[in-house]
Amino acid sequence: MIEVKDIVKRFGRKTVLDQVSFTAEKGQITCLIGINGMGKTTIMNAIMKLTPLQAGEILIDGEKVTKDTFEKIVFIPDATIMLPHFTIEMAMEFMNDFYKNWNQRRADDMLAFFKLNRKDKIASLSKGNTAKVNLLLGLAVDADYILMDEPFSGIDIFSREQIAEVFTSYLIEDRGVLITTHEIGDIEHLIDKVVLLNDGKIQKEFMTEDVRELEGKSVIDVLREVFVQ
Amino acid sequence: MKNFFKLLNFELNRVMKLLISLMVFTLIVQLIGVFVSKNNYLTQVEMLQQNDGSSVSQVLQSVGYFSFDRVVNSLFFIGPIMICVAAIMFYIFLIWYRDWFGKNTFVYRLLMLPTARINLFFAKLTTILLATFSLVGFQLVAIQIEMLVMKWTVPSEYVMEVTLRQLIEIHPVLSLIAPNQFSLFMSLYGVGVLTVIILFTAILLERSYRMKGVLFGGTFVIAANLLVILPVILNETVFHSFLYNGELLLIVLGLGVIVLASSVWLSKRLLDEKIRV
């Protein structure tokens, strides 16, 4: 389980995250939702120790994040984080070199599924294909948890459909996924849990099935209640 | 340790193109220097022989022998060395900043690797050292090639041969990059390593605290340098040369080791706890 406990993050005098706490469990897809600039990406960065926090702590399966944690949690940001002159093949070799949990069979499956050419240079890929390579490099690590920052951002409808398909496949099964997205419609039916972030605080945390069954509302209905009213 | 070598190999591959370009540039420009110096000399020789009908011994009395130190003292020789030094200085910063500011933010990938982050620091440091030694080693080989070219193109009666060791002794820049004495070599490169480590820490301070980090980094560089040379200043001013040179050297060496260890410790803390993407 990913436990985010009372984290505080300030940029200068601005408090971006104020005592934020929530959990994301293994085997569930947890969606972190908030309008732009609300600190969603900062939370992802903080989990991966890519930005320091002023207070609070983050635990993965009850333990603080260390170098070994990076074998069981991967982060797929919305930017390309491989060297542009690398081909997809070189990027996979790089990952294989450093990650004990790299699963080449899974990488090959995704390469075929996304119809990517391993000889293509990363710099020459379209935005959609870049997002697919990011996904491939993250999901081919046999990690327990996956963090995804805006995986559908700025990409075409067909690529979005392909990426959404990944969420129902064996590639995600049994793993804990924490995702931020604006394109909630693409994966609404797949989300298990929603964490709503507003003004640096957790506004609401709920299981989607409970809201659907008990209140007869969709995720978008709840979002509208929180953010519009 | 295995991950350190993987990262080192990766960083070396990234610097390889720059290194090879610098080596080729150095060799070409210095060879041009050999030809320019040789042509200038032989023009003088020809003028003396044609206008005054001077014999070889008269020519040698008038313009002297042609030895490699004529080449070494020209801008064609010093220029590429200076450019290589500047390139290495620039690369000390580039090796970090390009991971943040390149087309893709590669620092995400590096910081998320399942390895101790200090390995990044040591891999980058070792890359700078190996790049420096490669350039110095190449320069020494290049001198031998250039000497051979000189011998082939200047008539032997006008050539005075000098050894590489003699060249290093007489030339201030060469004696600085490839000192003949082992102790001097260790001192100079020790100071070099310490300087790179201090600069790396300053860069990490800036990458961790951004604008404030520039101030912290600047203060750290000044404080670290002051601490190392403080005994020398105090010995000259307050203690009026009370300490022997050997004693002074030991104190400076000890302080150097303390600054080095503190700098590495601080860099490790910054990489583990404070760094920002």
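The values are calculated or read from the model by the stated rules, or taken from the named source; none is laboratory data. Just so it is clear, the model here is predicted, and its values are computed rather than measured. Neighbour counts are summed over all protein chains in view; Cβ atoms, including those assigned to glycine, are modelled from backbone coordinates with ideal geometry.
Remarks
Listed here are the residues, each with its yes/no results for (1) at pLDDT 90 or above; (2) part of a helix (DSSP H, G or I); (3) more than 14 Å from every other protein chain (Cβ to nearest Cβ).
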position: A:Ala112; (1), (2), (3): yes, yes, yes
position: A:Arg118; (1), (2), (3): yes, no, yes
position: A:Ala123; (1), (2), (3): yes, yes, no
position: A:Asn134; (1), (2), (3): yes, yes, no
position: A:Leu137; (1), (2), (3): yes, yes, no
position: A:Ile155; (1), (2), (3): no, no, yes
position: A:Leu178; (1), (2), (3): yes, no, yes
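- Scan region A:54-77 for residues that are surrounded by fewer than 21 Cβ atoms within 10 Å (Cβ to Cβ) and in a loop (DSSP other than H, G, I, E, B) and the total you get is 6.
Table: residues versus (1) at pLDDT 95 or above; (2) in contact with a strand residue (DSSP E or B) (Cβ under 9 Å, 6 or more places away or on another chain).
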residue	(1), (2)
A:Lys5	yes, yes
A:Gly34	no, yes
A:Gly37	no, yes
A:Thr41	no, yes
A:Leu50	yes, yes
A:Leu53	yes, yes
A:Phe75	yes, yes
A:Thr80	no, no
A:His85	no, yes
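- Scanning region A:193-202 for residues that are more than 16 Å from A:Gly176 (Cα to Cα), at pLDDT 90 or above and not hydrophobic (A, V, I, L, M, F, W, C) yields a count of 1.
- If you go through region A:15-51 and keep only what is touching a helix residue (DSSP H, G or I) at 6+ places or on another chain (Cβ under 8 Å) and buried (at least 16 other Cβ atoms within 10 Å of the Cβ), you end up with A:Val16, A:Leu17, A:Val20, A:Ile29, A:Cys31, A:Leu32, A:Ile33, A:Gly34, A:Met48, A:Lys49, A:Leu50, A:Thr51.
- Any chance B:Asn3 is surrounded by 14 or more Cβ atoms within 10 Å (Cβ to Cβ) and either over 17 Å from the mean Cα position of the chain (by Cα) or within 13 Å of another protein chain (Cβ to nearest Cβ) (or both): yes
- A:Asp97 being free of Cβ contacts under 8 Å to residues at least 12 places away in the same chain and more than 9 Å from chain B (Cβ to nearest Cβ): no
- Number of positions in region A:50-78 that are at the interface with another protein chain (Cβ under 7 Å from one of its Cβ atoms) and in contact with a Gly (Cβ under 6 Å, 6 or more places away or on another chain): 0
- Within region A:79-94, considering residues that are crowded, with 21+ Cβ neighbours inside 10 Å and more than 7 Å from chain B (Cβ to nearest Cβ), the one nearest to A:Ala140 (Cα to Cα): A:Met92
- Filtering region B:214-222 for residues that are of a type in the set (Phe, Trp, Tyr), modelled with pLDDT of 90 or more and under 17 Å from the mean Cα position of the chain (by Cα) leaves an empty set.
- Selection count, region A:128-155, where residues are farther than 19 Å from A:Arg105 by Cα, in contact with a Ser or Thr (Cβ under 8 Å, 6 or more places away or on another chain) and not polar (S, T, N, Q): 7
- All helices (runs of 4 or more DSSP H) inside region B:64-158 with 1 or more residues being of a type outside the set (Ser, Thr, Tyr) and closer than 30 Å to B:Val45 by Cα: B:68-72, B:75-101, B:118-153
- A:Ile47 away from chain B (no Cβ under 14 Å) and within 16 Å of A:Leu147 (Cα to Cα): no
- Taking residues in region B:116-127 that are within 14 Å of another protein chain (Cβ to nearest Cβ) and surrounded by fewer than 20 Cβ atoms within 10 Å (Cβ to Cβ), and partners anywhere that are in a loop (DSSP other than H, G, I, E, B) and among the small types (Gly, Ala, Ser), not one pair has Cβ atoms closer than 9 Å while being at least 6 places apart or on different chains.
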